[in-house]
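*Asks:* I have a structure here, written as structure tokens, and I will follow up with some questions on it.
Laboratory data are not the source of any read-out in this text; all were calculated from the coordinates shown. Because the structure is a prediction, the values reported are computed rather than measured. Here the Cβ is made from the backbone with ideal geometry for all residues, glycine too, and neighbour counts use every protein chain on show.
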Amino acid sequence: MEFVKMHGNGNDFVLIDEFDGVKVPEENKPDFVRALCDRRFGVGGDGAIFVQRSKVADAKFVFYNNDGSKAEMCGNGIRCFARYIVERGYAKEGRIRVETLAGTMDLDVWFDGRWWIRVNMGKPKFGREVPALKDVWGEVFKIDGREFKVYAVNTGVPHAVVFVDDFEFDFYGVARAIRYSDLFPEGTNVNFARVLNRRRVFVRTYERGVEDETLSCGTGSCAVVVVGNRLGILDNVVEVQTRGGMLKIEVDDEIKMVGSATKVFEGRLLELDSENFG
């Protein structure tokens, strides 16, 4: 089975092409993804993307986190997907449409010496639509003797946003306390943001499903700008700096994200030892 390894700002994925037919049955995909994405026994990645044919768009984006859980969307992943389908000839450079579990999305793909993708992420959702048990907006979490104000928004998947002055706290302990809070029945991704100025912010993200910090999160970057703009501390066009690179986020009635996608290598799967996964 052939695969392609790609990343968006260090958020890395393994792409499996099922455009001309299913290679991994749906019921086997969770176990397959866990094996595939393991960084010692498999290829390694934050997630896996299956490229499938669509009846309503140029192609269908099917995404799994590396723990085998399925997610509706992934901002960095869909940029990799968009570059892939254009390079493979499934869509033409320019405006493309992609079917996702979060709805059909419009993207612009162009090459100017480097591949760039602009994604229309749609409208953010708040309150119970996150989903959350209530409108989590400025909810104070007291963790390890420190207070953290949490703002919840869905930008394709659930996100909690916390603005901080520094990162001198137990990143993983605080992130997991919020991620597994009973307020979020399906769990949530957690973003800690340090505002540099009104047009620039630094973000670190703990991702649900990966259960670790990733170098970048597209939907998380969107969530930070949406919340910051709504609070009046960020403009509507913001550069989001992550450990893996920079994203440009534009917030109006809808959210638009601009970033690159990098193809690292192509290969062929020979063996995946499923006994190491469960």
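*Asks:* Pull up all non-local amide H partners of Arg95: gap of 5 or more, or a different chain, and H-to-H distance under 5 Å with H placed in the peptide plane.
*Replies:* Amide H neighbours of Arg95, under 5 Å, 5+ apart: Val109.
*Asks:* So what are the ³J(HN,Hα) numbers for segment 159-165, from phi and the Karplus equation (6.51, -1.76, 1.60; θ = phi - 60°), rounded to whole Hz, Gly and Pro as x?
*Replies:* 9, 10, 10, 10, 8, 10, 8
*Asks:* Another one. Would you calculate a helix-derived [θ] at 222 nm for the chain, using -39,500 (n - 2.57) for each DSSP H run of n ≥ 4 and dividing by the full residue count, to the nearest 500?
*Replies:* -5000 deg cm²/dmol
*Asks:* Could you tell me what percent of the DSSP beta bridges with both partners in the chain are antiparallel, to the nearest 5? List each step's numbers first, then the result.
*Replies:* Numbers: 68 of 84 bridges.
DSSP beta bridges in the chain are roughly 80 percent antiparallel.
*Asks:* Please list, ordered by chain and number, the residues whose modelled amide H lies under 5 Å from the amide H of Val164; skip anything fewer than 5 residues away on the same chain.
*Replies:* Close amide H contacts, sequence-distant or interchain: Ala193, Arg194, Val195.
*Asks:* Checking the table Lys23/Lys123; Lys125/Lys256; Lys134/Lys256; Lys5/Lys29 against a 23 Å threshold on Cα-Cα, which pairs fail?
*Replies:* Lys23/Lys123; Lys134/Lys256
*Asks:* Return the whole-Å distance between the Cα centroid of segment 200-250 and the Cα centroid of segment 25-53.
*Replies:* What the calculation gives is 25 Å, centre to centre.
*Asks:* Could you tell me the relative contact order of the chain? Use alpha-carbon pairs under 8 Å, at least six residues apart, and round to a whole percent.
*Replies:* Value for the chain: 21 percent.
*Asks:* Evaluate the relative contact order of segment 167-224 (contact order divided by residue number), counting alpha-carbon pairs under 8 angstrom at least 6 apart; express in whole percent.
*Replies:* Details: 65 pairs, mean separation 14.5, N = 58.
Normalised by residue count, the contact order of segment 167-224 is 25 percent.
*Asks:* Which percent, to the nearest 5, of DSSP beta bridges fully inside segment 127-252 are antiparallel? Each step should come with its number before you reach the end.
*Replies:* Details: 26 of 34 bridges.
Within segment 127-252, antiparallel bridges account for around 75 percent of the total.
*Asks:* Moving on to the next point. What are the residues whose amide H is under 5 Å from the amide H of Ala261, where those residues sit 5 or more places off or on another chain and H is modelled from the backbone?
*Replies:* Here the answer is Trp115, since their amide H atoms fall under 5 Å of that of Ala261.
*Asks:* Another question, then. In debye to the nearest 20, how big a dipole does segment 155-201 give about its Cα centre with +1 on each Lys and Arg Cβ and -1 on each Asp and Glu Cβ?
*Replies:* Using only the charged Cβ atoms, the result is roughly 340 debye.
*Asks:* Could you please rank Ser54, Ser216, Ser221, placing first whichever residue has the fewest other Cβ atoms within 10 Å of its Cβ? Mind showing how you got there, number by number?
*Replies:* Details: Ser54 16, Ser216 28, Ser221 32.
If I rank by nearby Cβ atoms, fewest first, I get Ser54, Ser216, Ser221.
*Asks:* With θ taken as phi - 60° and the coefficients 6.51, -1.76 and 1.60, list the Karplus ³J(HN,Hα) couplings across segment 231-238 in order, rounded to whole Hz; mark glycine and proline as x.
*Replies:* Computed from phi, the couplings for segment 231-238 are 7, x, 9, 10, 6, 8, 10, 9 Hz.
*Asks:* Loop-only chymotrypsin sites (Phe, Trp or Tyr not before Pro) in segment 174-278, please: DSSP not H, G, I, E or B, and at most 14 other Cβ atoms within 10 Å.
*Replies:* Sparse-neighbourhood loop chymotrypsin sites (Phe, Trp or Tyr not before Pro): Tyr180.
*Asks:* While we're on this one: Hey, what did segment 127-252 get for relative contact order, percent, Cα under 8 Å, at least 6 apart?
*Replies:* For segment 127-252, the relative contact order is 19 percent.
*Asks:* In debye to the nearest 20, how big a dipole does segment 127-252 give about its Cα centre with +1 on each Lys and Arg Cβ and -1 on each Asp and Glu Cβ?
*Replies:* Values: 16 positive and 19 negative charges, 47 e Å.
Dipole size: approximately 220 debye.
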